[in-house]
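The values are calculated or read from the model by the stated rules, or taken from the named source; none is laboratory data. Because the structure is a prediction, the values reported are computed rather than measured. A quick note on method: Cβ atoms are made from the backbone with ideal geometry, for glycine too, and the neighbour counts reach across all protein chains shown.
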Amino acid sequence: MAYAEADSPLDTLNPHCGRPPAEADAAIAAVLTALRKHLGLDVGFISEFLPDRRRIRFVTADATQTVVCPGMEIPLSEGYCQRIVDGRLPELMADASLVPEATAIEFTASVPVGVHLGVPIRLASGELYGTLCCFGPMPRPDLRPRDLEVMRAFAEILAGPLSASRAAEMIRNRDRAVIEGALAGQAPNLVFQPIVDLLSGRALGLEGLSRFTLPPVRPPDEWFAAAEAVGLGVELELSAVRNAIALFARIPEPLYLSLNCSPALIRSGHLAAALAGTPLSRVVLEVTEHSMVDDFEQLQQALAPMRAVGVRLAMDDAGAGFSSLQHLMQLRPELIKLDLTLARVVDRDLTTRALVAALVTFANETGSQVVAEGVEDLRAARAYQELGVHGGQGYYFAHPLPLEEARRGLAQ
């Protein structure tokens, strides 16, 4: 079988391999590649020992594919690694065909393996992590014990970053369990904050905001970031959308409901089903300008069927970074929501006022509306009103509240 792409940690080139682990960072891969090049061998890899198997964590190789790739799990009874740790195989086999214990292993002939070096990796605590191995198809009688000492030195170097990787993985596993528990409990809860017309003071809509009451105590954005890091970001967002939609019938007409949605959720195809049966002309999807959009065309295609039946799009956090113009031009949102940081200085900072005025002009020319977030006092409300901003949202008007309390506030 062929080997992995030159000088790089393997991705899932082999369809039988799992996805590479999240901790497969460039530093570890660089050290592994340096070792393999120093020895002049075809393949280098690190395996982690689990209770009954070993998992391939990092691989570097010379050619285009390999029999070893990240994510593979192999019984400890198979292959060389456990035998090397137990002392049943020598750490240096310059010619594997001369080692009876090695020739009895199917891997030796099927790969084939002509030369193999492997040493244990022990973490700072003394705990056995796994093995560091390099091999090639042809015998290498020139390899000597000093080369094995180099392997041991590299194993010590790698112990530090591997300890950090293991700790990071433990955190991810913990976070995944927490997120899965939150989803099982139908989290998050929803609170609602009014969006008001700055001229008339009447409510235009309500933004649904997620809140988490279960431990650990952390802001909603950290919950969603943790979910995304463990591959459950879309699931948690979808749970928030469903929980908001479940309350939609109790939102007074003609107020709209504004929902935060990442590009990943929109592209997933699950959003339309979650919105089914909802008066879509009263739904606004908020996409932050901080969201990474690597394919605007794909995002537009996913949005098109929903926008065709009345769903409106809002660009959240406008003016906070460098992506505003591209997002505005590509997505053409019906609502432009100004980042809350602008409200702090909009009454006195000329640059901020010029930016807001420019966005208002853009909105007027394109048929969209500008809404200011983070309006906490009369000063900011008046400044935005003077600049022609259509709507406002923030503590000056109302705090985020459970729906029934928000309804009572609207009635007053």
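List of remarks:
- Helices (runs of 4 or more DSSP H) completely within segment 227-340 that count 3 or more residues being under 26 Å from the mean Cα position of the chain (by Cα), aliphatic (A, V, I, L, M) and closer than 30 Å to Met170 by Cβ: 233-245
- Taking (1) within 27 Å of the chain's Cα centre (by Cα); (2) within 22 Å of Val283 (Cα to Cα) in turn, Gly201 satisfies each apart from (1).
- Every condition in (1) in a helix (DSSP H, G or I); (2) under 35 Å from the mean Cα position of the chain (by Cα) is met by Ala383 except one, and the failing one is (2).
- The one condition in (1) among the polar types (S, T, N, Q); (2) farther than 15 Å from Leu403 by Cα; (3) surrounded by 12 or more Cβ atoms within 10 Å (Cβ to Cβ) that Ser258 fails to fulfil: (2)
- When residues of segment 374-412 are limited to those that are small (Gly, Ala, Ser) and in contact with a Leu (Cβ under 6 Å, 6 or more places away or on another chain), the one farthest from Pro254 (Cα to Cα): Gly374
- Screening Gly319 with (1) in contact with a helix residue (DSSP H, G or I) (Cβ under 7 Å, 6 or more places away or on another chain); (2) under 17 Å from Val370 (Cβ atoms); (3) modelled with pLDDT of 95 or more; (4) not polar (S, T, N, Q) gives one miss only, at (3).
- From Glu101, Glu78, residue being surrounded by fewer than 18 Cβ atoms within 10 Å (Cβ to Cβ) and in a loop (DSSP other than H, G, I, E, B): Glu78
- Pairs with Cβ under 8 Å, 6+ apart, first in segment 382-393 and farther than 10 Å from Val346 by Cβ, second basic (Lys, Arg) and part of a strand (DSSP E or B): Gln393/Lys337
- Test: residue in segment 224-240 that is surrounded by 15 or more Cβ atoms within 10 Å (Cβ to Cβ) and either aromatic (Phe, Trp, Tyr) or out of contact with any helix residue (DSSP H, G or I) (no Cβ under 9 Å at 6 or more places or on another chain) (or both): yes
- Scanning segment 110-127 for residues that are aliphatic (A, V, I, L, M) and either surrounded by 13 or more Cβ atoms within 10 Å (Cβ to Cβ) or touching a Gly at 6+ places or on another chain (Cβ under 6 Å) (or both) returns Val111, Val113, Val115, Leu117, Val119, Ile121, Leu123.
- The set of residues from segment 87-143 being among the small types (Gly, Ala, Ser) and over 19 Å from Pro51 (Cα atoms) comprises Ala94, Ala96, Ser97, Ala102, Ala104, Ala109, Ser110, Gly114, Gly118, Ala124, Gly136.
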